[in-house]
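S.K.: Before anything else, here's the structure in question.
The values are calculated or read from the model by the stated rules, or taken from the named source; none is laboratory data. It should be emphasised that the depicted structure is a prediction, and the values quoted were computed from it without experimental measurement. We place every Cβ from the backbone using ideal geometry, glycine too, and count neighbours over all the protein chains shown. Ligands, DNA and RNA are excluded from the accessible area calculation, which covers all protein heavy atoms including side chains. Shrake-Rupley method; radii C 1.70, N 1.55, O 1.52, S 1.80 Å.
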Amino acid sequence: MKRLAVWMVIISMAALAFTGCSSQTSSEVKYEDVYRTTFSTEYKTLNPYNLSSTSAYTMVANSIDGLVENDKYGMIVPSLAESWKSNDDYTVWTYKLREGIFWVDHTGAKTEYEVTADDFVEGIRYIADPKNGAKNISTISKVISGLYDYYWDLADIDDGEDIGKTREDVLKSFDEKVGVKALDKYTVEYSLDSSTPFFNSYLVIELFYPVEKAFLDKVGEDFGTSMDKMLYNGGYYISTWERDKLVVLTKNEHYWDKDNIFVKELNFQRVGDEITGLEMFQRGELTGCSITADQLKALKGSEWEKYIYLKDKNTVTFWFTMNFISKNQEFRTFINNVNFRKALLYGIDRVKISALYEPDNPEFFVRNTIIPEDTLIDPNGVDYTDYPDLKPIKENIPYDPAKAKEYMQKAAAELCNPDGTIKGLSPAKVDMGNIAEFQSDAKLPVELVLATTTDPLETKKALLIAEMLKQNLGEENIKVIVGYSATSFQDEVFSPMNFDLVDDSYSFRFADPSANLARLTTDGSLNEGGYDIPEYDQLVGKASLENNIAERYKLFSEAEKYMLDNVYLMPYMTGGGSYRMSKELPYQTPMGGFGLTRFKMKGAKIQDKPVTIEQYNELKVQHEKEMAEKFSKGN
């Protein structure tokens, strides 16, 4: 095993991890053996390769294991693979599986199917076929050798294109073309398109989960649609699945690591809203619940206040996307001017937006960088966001009304005639479907369509942003039109690009800056604003070729700085950080910034009474101490 690769992956995934020991002894606290939570949407499938919600992630993460997992410190540790190694340039990775691990069915009975290397090959074969609809395939399609071409050959054929081969021809080529092989019954090998020292961090993604081919052939298209159409090799199996009422996971007594499963049952009930969740928790019907800002205010001074704590931030980042090819000619002209983009940057108060979610400490939620802090740490112990090009951006919130007005005036001087008409434009109709429709008069103020949803909090946020821009850029310079999507935001806003400005959130998928930065290139999957920035593309390309971690981070930080300095998108807030009450001890379960193993309940302990703020803080301090000791020893 290559020590550099192991160190990089361990450190990068450990930064968001937490652990600790309760200050209370086991004699003082009783523990429950049922975890009770809720879900809000009926699940038609729990196909592990086609998940879309946190509850579904939790159900699948606890019932299926992959090759590796995170421990409670966030470190990559063995799961179904007991060991691994890579070649010198990190392009070939080989994993040795535990022997004697069997799949179980929905009754918990051991089946005839042993987990073998072929199951991991079949998992990749399954997601590589577009007909199976695996989500997020783009995350790994250019990582495993041959996977991208194989997938798109099938997709092109399915779309009716003649590529000189039949579908059957392409399917038969998988074993030869795609870089995953079973070297023997218990050894699986992945061949990669390029050097990838952080490859282990991909393996916590569900796309690398195994599947038993004989069982898959038996159930066919019904795979994952009911509890008897699935097999399980994780700490739990699905024993009850009443689609719109109840899902129950029961401890797997055949699990290879069953001694670390302390909770015997995971119980998911369907409920309507967060208010119901709070009421159920107060009645003792749930293990934990989220607390909204309004609920927080109502609970202050009550007996419940001492149990409310603020969860740690996660790796999800919220940012504003601007439409560089907008249907709105006025905005399209201005957004391609860097001074106007800087006016928007300095005109939006991120702290006020965060206060909608955390009124007591709104600065807690602000994030100014694309890559989340405390997530990627180099072998020298330096956080990626503390590299010289990013540290000033990270530490300084870019809100300055005077600068906003100054940059707006510069943009107007460059793009407008003395009479306020916009150079090169004539009056024209703007049609953004259900979001907005109006007549552009081709003069100041610039009309900007801010797309949002009808959710009350999202509406409140959009109206707040509109008022900020009006005040800070001047109503003589800008007019914000708030447009509402009442059905599918993807179908009404993103796909037809019916917006000028929109905010969204994006997850961080694996332990490298390229996880987001490479997806933001001109042809990247996260370029939803249609910008064209070859300078950034070149910087990302150069960084991607560097294998020395510190130098790689330095080059990527230069690329990120270019993106942020030129305001091609605007990060403004972190995910996570919600207020909660819970009886589950924090910092005991697998943790990490990405992938599914962070949803596992392995190691979970549930008290018979809620965790207090004091207890939570003690555990956090203990965690920080243990982490410092661990890394000072080079572990």
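S.K.: So which of L555, L619 ends up being among the hydrophobic types (A, V, I, L, M, F, W, C) and in contact with an Asp or Glu (Cβ under 6 Å, 6 or more places away or on another chain)?
M.R.: Values: L619 fails: in contact with an Asp or Glu (Cβ under 6 Å, 6 or more places away or on another chain).
Checking each option against the conditions leaves just L555.
S.K.: Could you grab me the full set of residues in segment 524-544 that are free of Cβ contacts under 8 Å to residues at least 12 places away in the same chain and open to solvent by 40 Å² or more (accessible area, probe 1.4 Å)?
M.R.: Answer for segment 524-544, where residues must be free of Cβ contacts under 8 Å to residues at least 12 places away in the same chain and open to solvent by 40 Å² or more (accessible area, probe 1.4 Å): just Q538.
S.K.: Looking only at segment 553-568, count every residue that is in a loop (DSSP other than H, G, I, E, B) and open to solvent by 10 Å² or more (accessible area, probe 1.4 Å) and tell me the total. Spell out how you get there, then give the answer.
M.R.: As a first pass, look at segment 553-568 and keep what is in a loop (DSSP other than H, G, I, E, B): 566-568.
When the remaining residues are screened for being open to solvent by 10 Å² or more (accessible area, probe 1.4 Å), the result is 566, 568.
Residues that pass the stated criteria total 2.
S.K.: Got at least one residue in segment 462-481 being over 19 Å from F320 (Cβ atoms), loosely packed, with under 15 Cβ neighbours inside 10 Å and free of Cβ contacts under 8 Å to residues at least 12 places away in the same chain?
M.R.: Within segment 462-481, the first condition is being over 19 Å from F320 (Cβ atoms), and the residues that meet it are 474-476.
Checking the rest, the ones that are also loosely packed, with under 15 Cβ neighbours inside 10 Å come to 475-476.
Restricting the remaining residues to those that are free of Cβ contacts under 8 Å to residues at least 12 places away in the same chain gives none.
Within segment 462-481 (the criterion being over 19 Å from F320 (Cβ atoms), loosely packed, with under 15 Cβ neighbours inside 10 Å and free of Cβ contacts under 8 Å to residues at least 12 places away in the same chain), the answer is no, since none of the residues qualifies.
S.K.: If you take the residues in segment 163-205 that are part of a helix (DSSP H, G or I) and among the charged types (D, E, K, R), which one is least open to solvent (accessible area, probe 1.4 Å)? Before you say what the answer is, go through the steps one by one.
M.R.: Keep residues of segment 163-205 that are part of a helix (DSSP H, G or I), which gives 167-172, 174-177, 199-204.
Okay, now just the ones that are also among the charged types (D, E, K, R), so 167-169, 172, 175-177.
Working: R167: 32, E168: 108, D169: 76, K172: 164, D175: 85, E176: 164, K177: 66 Å².
Within segment 163-205, the match that is least open to solvent (accessible area, probe 1.4 Å) is R167.
S.K.: Another question about this same structure. When you look at P496, is it out of contact with any strand residue (DSSP E or B) (no Cβ under 6 Å at 6 or more places or on another chain), surrounded by fewer than 18 Cβ atoms within 10 Å (Cβ to Cβ) and over 26 Å from I353 (Cα atoms), yes or no?
M.R.: Considered against the rule, which asks whether it is out of contact with any strand residue (DSSP E or B) (no Cβ under 6 Å at 6 or more places or on another chain), surrounded by fewer than 18 Cβ atoms within 10 Å (Cβ to Cβ) and over 26 Å from I353 (Cα atoms), P496 comes out as yes.
S.K.: Could you tell me which of the residues I397, I371 is in contact with an Asp or Glu (Cβ under 7 Å, 6 or more places away or on another chain) and either in a loop (DSSP other than H, G, I, E, B) or surrounded by fewer than 19 Cβ atoms within 10 Å (Cβ to Cβ) (or both)? Give the derivation first.
M.R.: Working: I397 fails: in contact with an Asp or Glu (Cβ under 7 Å, 6 or more places away or on another chain).
Sole residue among the options that is in contact with an Asp or Glu (Cβ under 7 Å, 6 or more places away or on another chain) and either in a loop (DSSP other than H, G, I, E, B) or surrounded by fewer than 19 Cβ atoms within 10 Å (Cβ to Cβ) (or both): I371.
S.K.: Of all residues in segment 328-348 being touching a Phe, Trp or Tyr at 6+ places or on another chain (Cβ under 9 Å) and not in a helix (DSSP H, G or I), which is nearest to L469 (Cα to Cα)?
M.R.: Residue satisfying both the conditions and the ranking: I348.
S.K.: Give all pairs with beta carbons closer than 6 Å in which a residue from segment 401-418 that is among the basic types (K, R) meets a residue that is open to solvent by less than 60 Å² (accessible area, probe 1.4 Å); count only pairs at least 6 apart in sequence or on separate chains.
M.R.: K403/Y346; K410/N339
S.K.: While we're on this one: Within segment 320-333, can one find any residue that is within 24 Å of S578 (Cα to Cα), without any contact (Cβ under 8 Å) to a residue 60 or more places away in the chain and under 24 Å from the mean Cα position of the chain (by Cα)?
M.R.: No, the conditions are met nowhere in segment 320-333.
S.K.: Within segment 140-162, can you find the residues that are open to solvent by 20 Å² or more (accessible area, probe 1.4 Å) and β-branched (V, I, T)?
M.R.: Listed by number, the list holds a single entry, I157.
S.K.: Report yes if L425 is under 29 Å from the mean Cα position of the chain (by Cα) and either aliphatic (A, V, I, L, M) or buried (at least 20 other Cβ atoms within 10 Å of the Cβ) (or both), otherwise no.
M.R.: Working: under 29 Å from the mean Cα position of the chain (by Cα): no; either aliphatic (A, V, I, L, M) or buried (at least 20 other Cβ atoms within 10 Å of the Cβ) (or both): yes.
So L425 fails the test.
S.K.: Spot the failing condition for K342; the list is (1) over 19 Å from L473 (Cα atoms); (2) open to solvent by 50 Å² or more (accessible area, probe 1.4 Å); (3) modelled with pLDDT of 95 or more; (4) of a type outside the set (A, V, I, L, M, F, W, C), and only one is missed.
M.R.: If we test K342 against (1) over 19 Å from L473 (Cα atoms); (2) open to solvent by 50 Å² or more (accessible area, probe 1.4 Å); (3) modelled with pLDDT of 95 or more; (4) of a type outside the set (A, V, I, L, M, F, W, C), just (1) comes out false.
S.K.: Going through I308, I238 one at a time, which residue ends up being more than 24 Å from D455 (Cα to Cα), in contact (Cβ under 8 Å) with a residue 24 or more places away in the chain and open to solvent by less than 10 Å² (accessible area, probe 1.4 Å)? Don't jump to the end; show me each part of the working.
M.R.: On the way: I308 fails: open to solvent by less than 10 Å² (accessible area, probe 1.4 Å).
Matching residue, one of I308, I238: I238.
S.K.: Within segment 409-422, how many residues are among the polar types (S, T, N, Q) and either open to solvent by less than 50 Å² (accessible area, probe 1.4 Å) or part of a helix (DSSP H, G or I) (or both)? Working first, answer last.
M.R.: Initially, segment 409-422 is screened for residues among the polar types (S, T, N, Q), giving 409, 417, 421.
Narrowing further to those that are either open to solvent by less than 50 Å² (accessible area, probe 1.4 Å) or part of a helix (DSSP H, G or I) (or both): 409, 421.
The total comes to 2.
S.K.: Test R580 against the stated conditions and say whether it is surrounded by fewer than 21 Cβ atoms within 10 Å (Cβ to Cβ), under 22 Å from the mean Cα position of the chain (by Cα), modelled with pLDDT under 95 and of a type in the set (K, R).
M.R.: The answer is yes for R580.
S.K.: Being of a type in the set (D, E, K, R) and open to solvent by less than 20 Å² (accessible area, probe 1.4 Å) is the filter here; which residues of segment 584-601 pass it?
M.R.: Passing the criteria: only K600.
S.K.: Of the residues P392, P388, which single one is assigned to a helix (DSSP H, G or I), at pLDDT 95 or above and more than 19 Å from the chain's Cα centre (by Cα)?
M.R.: Working: P388 fails: assigned to a helix (DSSP H, G or I).
Exactly one of P392, P388 is assigned to a helix (DSSP H, G or I), at pLDDT 95 or above and more than 19 Å from the chain's Cα centre (by Cα), namely P392.
S.K.: Select the strands (runs of 3 or more DSSP E) contained entirely in segment 424-515, then report the ones holding at least 3 residues which are modelled with pLDDT under 90.
M.R.: Values: elements: 428-432, 436-440, 446-453, 478-485, 501-506.
Once the strands (runs of 3 or more DSSP E) in segment 424-515 are filtered for at least 3 residues that are modelled with pLDDT under 90, what remains is 501-506.
S.K.: Is one or more of the residues making up segment 136-144 closer than 22 Å to S86 by Cβ and assigned to a strand (DSSP E or B)?
M.R.: Applying the first criterion (closer than 22 Å to S86 by Cβ) to segment 136-144 yields 139-144.
Add one more test, that the residue is assigned to a strand (DSSP E or B), and what stays is 144.
Yes, the conditions are met somewhere in segment 136-144.
S.K.: Still on this structure: So, in segment 350-368, how many residues would count as being β-branched (V, I, T) and within 7 Å of M573 (Cβ to Cβ)? Can you show your working first?
M.R.: Looking only at segment 350-368, we keep the residues that are β-branched (V, I, T), and these are 351, 353, 366.
Narrowing the set further to residues that are within 7 Å of M573 (Cβ to Cβ) leaves 353, 366.
Counting residues in segment 350-368 that are β-branched (V, I, T) and within 7 Å of M573 (Cβ to Cβ) gives 2.
S.K.: Specify which of the listed residues (I478, I465) is in contact with a Pro (Cβ under 8 Å, 6 or more places away or on another chain) and among the aliphatic types (A, V, I, L, M). Quick ask: steps written out before the conclusion?
M.R.: On the way: I465 fails: in contact with a Pro (Cβ under 8 Å, 6 or more places away or on another chain).
Matching residue, one of I478, I465: I478.
S.K.: Go through segment 279-299 and report how many residues are in contact with a Phe, Trp or Tyr (Cβ under 6 Å, 6 or more places away or on another chain) and part of a strand (DSSP E or B).
M.R.: Number satisfying all stated conditions: 2.
S.K.: If I go through segment 113-135 residue by residue, how many of them are assigned to a helix (DSSP H, G or I) and touching a helix residue (DSSP H, G or I) at 6+ places or on another chain (Cβ under 9 Å)? Please lay out each step first, then the result.
M.R.: Kept after step one, since they are assigned to a helix (DSSP H, G or I), are these residues of segment 113-135: 117-127, 130-132.
Still in the running and touching a helix residue (DSSP H, G or I) at 6+ places or on another chain (Cβ under 9 Å): 118-127, 130-132.
Counting residues in segment 113-135 that are assigned to a helix (DSSP H, G or I) and touching a helix residue (DSSP H, G or I) at 6+ places or on another chain (Cβ under 9 Å) gives 13.
S.K.: Would you confirm whether or not segment 217-224 contains a residue that is assigned to a loop (DSSP other than H, G, I, E, B) and over 27 Å from the mean Cα position of the chain (by Cα)?
M.R.: Keep residues of segment 217-224 that are assigned to a loop (DSSP other than H, G, I, E, B), which gives 223-224.
Next, from what is left, pick out any that are over 27 Å from the mean Cα position of the chain (by Cα): none.
Checked segment 217-224: no residue is assigned to a loop (DSSP other than H, G, I, E, B) and over 27 Å from the mean Cα position of the chain (by Cα).
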